[in-house]
Amino acid sequence: MRPLALLPLLLLGQVGAQPADLPVKVDAAQMSIAAARQQTYPCSVLTVRQTLRAGVNYSRQVVSYQSGGLRIDALLTVPSGRAPKGGWPAIVFNHGYVPPQQYRTTERYVAYQDAFARAGFVTLKSDYRGHGRSQGEALGGYFSPGYTTDVMNALGSLKQDGRVNPARIGMWGHSMGGFLSLRAMVIDRSVKAGVIWGGVVGDYDQMMTGWNNRPPASIPQRVLNLRRAAVAKYGTPKANPKFWNSLSANAFLRDLGGPLQLHIGSADEEVPVAFHTALAAQLRAAGQPVQSYVYPGDNHNLSRNLGTALSRSVAFFKAHL
């Protein structure tokens, strides 16, 4: 099954009529950029859980780290040989939506992660809370702060790892992982560069009004209810733009600590190309460097141009990390 975006529940009248299976406990205000900046993300040691078969020129291990009192598993790759002075450059690898009950640490994004590992980067792909063997509940990334917290703690754990140069860390994100990467980069300016493929990088008004996909049947009703509760309490983005902008990384682009490279297929079946083009324009308006690639006729995973997109992404990180 291909990785999917976690869809934003546009057909609220249709899905909202279903009964809730659990009460909503998360307030969307916890998603604000200010709240995320005030939170602490303590470093924790990357603890080895399983050593896997090595790649061509790198080791592979399932490791774990702490995030908000939860154990989060992740797939770690480390280049072979002697590290450069100051440590290896590293990439926090943020995957897109995969139904949590189907997610497996070593079965998703392996080829993508391999490309960066072969190129001499440490990579860390988190199994967000509720995925694989990670503890906690999977409540999605758009109206609950849990996945953002997991990404920020992954970043903190890499910074304190002796094999990594903390001044040379970037982020790669696909789909929902693009949303998380952009948030992380405006929360913490130490992230030096970001690459986003097929990213859910629209602001909240775009996500609620410009995304016409039906939510996958695999999304639990309690996750759908988070958006309904947020709109009921705070109004729509058009009615209350100040609140929704406080949650959106797009309103904080001047705070980025490094450049972005954006990729999307023109036939992306999951995420509107308009999200990509709007973010590219917003970045330029904010005076931020951006590279933008739209691949004619390609899909959400850039399957027709995978080699080209990977080569461009690797070259971008080599230039900026």
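The values are calculated or read from the model by the stated rules, or taken from the named source; none is laboratory data. As the structure is a prediction and not an experimental result, all values here were calculated from the model. With ideal geometry, Cβ positions are generated from the backbone for all residues, glycine too; neighbour counts draw on all protein chains shown.
Just a few scattered comments:
- Test for ARG183: is it free of Cβ contacts under 8 Å to residues at least 60 places away in the same chain, assigned to a helix (DSSP H, G or I) and within 20 Å of the chain's Cα centre (by Cα): no
- Residues of the stretch 118-135 classified as over 17 Å from the mean Cα position of the chain (by Cα) and surrounded by fewer than 24 Cβ atoms within 10 Å (Cβ to Cβ), total: 5
- Matching residues, the stretch 131-180, being under 14 Å from MET31 (Cα atoms) and either out of contact with any strand residue (DSSP E or B) (no Cβ under 9 Å at 6 or more places or on another chain) or assigned to a loop (DSSP other than H, G, I, E, B) (or both): LEU139, GLY140, GLY141, TYR142, PHE143, SER144, PRO145, THR148
- For ILE264, the criteria (1) part of a loop (DSSP other than H, G, I, E, B); (2) in contact with a His (Cβ under 7 Å, 6 or more places away or on another chain); (3) under 23 Å from LEU302 (Cα atoms); (4) not basic (Lys, Arg) hold in every case but one, which is (1).
- From the list ALA229, ALA274, ALA193, ALA249, the one residue that fits, being in contact with a strand residue (DSSP E or B) (Cβ under 8 Å, 6 or more places away or on another chain) and either on the phi > 0 side of the Ramachandran plot or of a type in the set (Gly, Ala, Ser) (or both), is ALA193.
- Test: residue in the stretch 224-232 that is free of Cβ contacts under 8 Å to residues at least 40 places away in the same chain, assigned to a loop (DSSP other than H, G, I, E, B) and more than 23 Å from ARG37 (Cα to Cα): no
- Per-region count, the stretch 173-204, residues in contact with a Phe, Trp or Tyr (Cβ under 7 Å, 6 or more places away or on another chain) and farther than 12 Å from VAL151 by Cβ: 10
- Test: residue in the stretch 80-101 that is farther than 13 Å from TYR58 by Cβ, hydroxyl-bearing (Ser, Thr, Tyr), assigned to a loop (DSSP other than H, G, I, E, B) and under 17 Å from the mean Cα position of the chain (by Cα): no
- Odd one out for LYS233 among (1) modelled with pLDDT of 95 or more; (2) surrounded by 19 or more Cβ atoms within 10 Å (Cβ to Cβ): (2)
- Output for the stretch 33-59, where each listed residue is in a strand (DSSP E or B) and crowded, with 21+ Cβ neighbours inside 10 Å: TYR58
- Residues that are without any contact (Cβ under 8 Å) to a residue 60 or more places away in the chain, closer than 28 Å to GLN261 by Cα and of a type outside the set (Val, Ile, Thr), drawn from the stretch 62-99: LEU75, LEU76, PRO79, SER80, LYS85
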